[in-house]
Amino acid sequence: MAHNHAVPSDLTRNQGLVLGALNSSGAPLSAYDILDALRADGLRAPLQVYRALDKLVERGLAHRLESLNAFVACADEHCDRKQLTAFAICTNCGKVDEFTDAVIEDRLGEWAGARSFKIERTTMEIRGKCGQCAALA
Ligand SMILES: [Zn+2]
Ligand SMILES: [Zn+2]
């Protein structure tokens, strides 16, 4: 089950707005989607959104999905303690499921150990159909 982070009290106004937009979205948002959503709140410049996103990603409150060039709120409050973060991305409805898996992490650890490769962080993006969309097909 997903456990959203508690919203830290020391976020700037823009960071709070951006995190709120990500939390209330059912799908990943691009920086421009976020800007559009927050125009009514006074955000005008893409740079305002990018700065807030940088900080949120740095603090582990949001993630950037490379394959979509979009952002999601982190759905795992213990995310920063884990080495592996995986995202199952539904290409039909856009739903993203963040999860981690100890077996995959162990296998990668063995692989890396055998090659003296020091893993800092692993991010997997898995594309396909979520259970609901697959059932409709
Ligand atoms: Zn996370
Ligand atoms: Zn779906």
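Laid out as a table, the results:
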| item | result |
| --- | --- |
| Neighbours by Cβ (under 8 Å, 6+ apart or cross-chain): first from the stretch 122-137, more than 11 Å from Ala88 (Cβ to Cβ); second more than 16 Å from ligand 1 (Cβ to nearest atom) and among the polar types (S, T, N, Q) | Cys133/Asn92 |
| Failed condition for Leu84, given (1) without any contact (Cβ under 8 Å) to a residue 40 or more places away in the chain; (2) within 17 Å of Thr122 (Cα to Cα); (3) surrounded by 12 or more Cβ atoms within 10 Å (Cβ to Cβ) | (1) |
| Set Cys90, Cys79: member being at pLDDT 95 or above and under 30 Å from Tyr32 (Cβ atoms) | Cys90 |
| Single residue of Ser9, Ser116 found to be modelled with pLDDT under 95 and over 30 Å from Ala137 (Cβ atoms) | Ser9 |
| Residue among Val72, Val57 that alone is within 16 Å of ligand 2 (Cβ to nearest atom) and under 21 Å from Val7 (Cα atoms) | Val72 |
| Single condition His5 does not satisfy, out of (1) within 18 Å of Cys79 (Cβ to Cβ); (2) in contact (Cβ under 8 Å) with a residue 40 or more places away in the chain; (3) assigned to a helix (DSSP H, G or I) | (3) |
| Candidate set from the stretch 95-137 (those that are farther than 25 Å from Leu22 by Cβ and within 16 Å of ligand 2 (Cβ to nearest atom)); member that is surrounded by the fewest Cβ atoms within 10 Å (Cβ to Cβ) | Ala137 |
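The values are calculated or read from the model by the stated rules, or taken from the named source; none is laboratory data. Given the structure is predicted, the values throughout are model-derived calculations rather than measurements. Every residue, glycine as well, gets a Cβ built from its backbone with ideal geometry; the counts of neighbours run over all protein chains shown.
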